[in-house]
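Everything on this sheet refers to the single structure shown next.
All of the numbers you see were taken from the coordinates with simple rules; none came from a lab. Just so you know, these numbers come straight off a predicted model, no measurement behind them. Here the Cβ positions follow ideal geometry from the backbone for every residue, glycine too, while neighbour counts run over all protein chains shown.
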Amino acid sequence: MSSGRYMAYSPSPSAPHSPHIGGLRSATTVFVEQEKYLSELLAERNKLSPFVPVLPHSYRLLNQGEFGV
């Protein structure tokens with residue numbers, strides 16, 4: 001996974017697949033794609049974790065600035 005790349009949209013597993021695009025995918029292929037998507041999603045979450053503790057403070061400060069306090 002390259003750094004700085006954002007998560008690409010992954011269609012829901014229940015979404016119908018067009019037979020014109022790829023035919024029927026095997027359960028193994030779907031499983032591998034889901035595993036890859038989840039590992040990328042976890043990597044994105046890990047990138048954000050250092051910022052989570054300051055979010056409440058940032059939110060409060062931004063709201064104070066909105067009302068000219």
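Peptide packing for 46-57, 31-42 was compared via the average number of neighbouring C-beta atoms within 10 Å per residue; ordered from the highest value, the list is 31-42, 46-57. Annotation: extensible slack from Glu44 through His57 equals 2.5 nm (criterion: 0.36 nm per residue apart, minus Cα-Cα distance).
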